[in-house]
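Engineer: My questions all concern the structure below.
The values are calculated or read from the model by the stated rules, or taken from the named source; none is laboratory data. All values reported here derive from a predicted model rather than from experimental measurement. When we count neighbours, we look across all protein chains shown, and the Cβ atoms used for this are built from the backbone with ideal geometry, even at glycine.
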Amino acid sequence: MNLYEYQAKELFRKYGIPVPNGKFAASTSDIQWEKFPVVIKAQVLVGGRGKAGGIKFAEDKKDLQAKAAEILSMSIKGLKVRSVYLEEKLDIAKEYYVSITLDRSKRKPIIMATTEGGVEIEDVPDDKIVKYWTDPVIGYSAFIGKEISFKLKLPDQEAKQFQVILSRMYDLYNDYDAELVEINPLVVTRSGTIIAGDAKVIVDSDSLFRHKDLGENAAERSELEEIAYKRGYSLVELDGNIGVIANGAGLTMGTLDGLTLKGGKPRNFLDLGGSDDVEKVVGAFEILKMANPKGILINIFGGVTHCDTVANGIIEARKRVGIDVPIVTRLSGVNEDPGKKILEENGINSYGDMMDAIEEIVKVVNKQ
């Protein structure tokens, strides 16, 4: 789960990581600030908000109200801005970067730091980035911070502050089952103080039961994604016109890749999961209908989910939900033959090969 900047900075304060004074505001009536200039930051869970105009500076109260209202009326990369974060403007001398994340290839946490902060880490030359992999059993030790700050060639006073911040970031990373803890920029002010100018924290969603203080960020989901989530489905909306139902995240992603390869445009990612339940299939169609696709592709590999159950679910959905767009299916696995027979008796052809089904739905949709 992605945290908003204001949430991440609340965690930073909890762990003693220096952050500027700030205030969360969810409406224009909450926009109050005394000491100027002030920074107004859109709270959205996507990058690039600065380039999109989601970060502005205000010099007085009138300027603050006008610019905050402007940001609150924006959408950034398709996400409506519902709140802003007001923060004191820092007197910046230098900008660094530091993060802790998981290197899945090495199965170890990796610390990355550079003196080239303020830009995307992907844009920094690799020889400018210091990387350190920690042993997940041993954890963090003070010498790690010393080694990294030495390689960064930080002045003594900056190095001491950096080491304290890094140690506390690592504690947060471990305690909150984080996938990422990032500060970009890590600001060095003209007075020599190091402070987190921005904050990004991603927490493993499967660990939220351990972190009741975080709750859930429903705004990460679109309206339809929220409906699906409440009904127990994994759904991601996309911008195409072919609705997709598959079982298992890997198969679903493979289906999306196949559609794209053949010139199709997926409307969604809907993982039916492993439930062998006709009503579960009908429910998936109810959600998919809300997305208004021009065609629907069903890709099922029968295991826990039996192919005949899916076939019966498709027929029930067509009766009860009122599906009036073309349906193409691929059934393979447990009870494949009975499933195909059920569909054929109801005028729906089923394929045994995924790419054959994909080619057919792309052809059918493109003819419309």
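Engineer: Collect the residues in segment 225-245 that are modelled with pLDDT of 95 or more and out of contact with any Gly (no Cβ under 8 Å at 6 or more places or on another chain), keeping them in residue-number order.
Structural biologist: 244, 245
Engineer: Scanning for something touching a Phe, Trp or Tyr at 6+ places or on another chain (Cβ under 8 Å) and not β-branched (Val, Ile, Thr), does segment 291-308 turn up at least one residue?
Structural biologist: Checking segment 291-308: not a single residue is touching a Phe, Trp or Tyr at 6+ places or on another chain (Cβ under 8 Å) and not β-branched (Val, Ile, Thr).
Engineer: I'd like to verify a number: residues in segment 245-300 that are among the β-branched types (Val, Ile, Thr), in a helix (DSSP H, G or I) and over 22 Å from the mean Cα position of the chain (by Cα), how many?
Structural biologist: Qualifying residue count, segment 245-300: 3.
Engineer: What are the residues in segment 342-353 that are touching a residue at least 24 places away in the same chain (Cβ under 8 Å) and surrounded by fewer than 19 Cβ atoms within 10 Å (Cβ to Cβ), if any?
Structural biologist: Across segment 342-353, the qualifying residues are 346, 348.
Engineer: Which ones in segment 23-52 are crowded, with 18+ Cβ neighbours inside 10 Å and under 22 Å from residue 2 (Cβ atoms)?
Structural biologist: 25, 39, 40, 41, 42, 43, 44, 45, 49
Engineer: Follow-up question, since we're still on this one. Of all residues being in contact (Cβ under 8 Å) with a residue 12 or more places away in the chain and among the aliphatic types (A, V, I, L, M) in segment 138-153, which is farthest from residue 116 (Cα to Cα)? Just the residue, please.
Structural biologist: Among those residues, the one meeting the criterion is 142.
Engineer: Moving on to the next point. So if I check each of 55, 17, which one is surrounded by 19 or more Cβ atoms within 10 Å (Cβ to Cβ), under 22 Å from residue 121 (Cβ atoms) and not aromatic (Phe, Trp, Tyr)?
Structural biologist: So the residue among 55, 17 that is surrounded by 19 or more Cβ atoms within 10 Å (Cβ to Cβ), under 22 Å from residue 121 (Cβ atoms) and not aromatic (Phe, Trp, Tyr) is 17.
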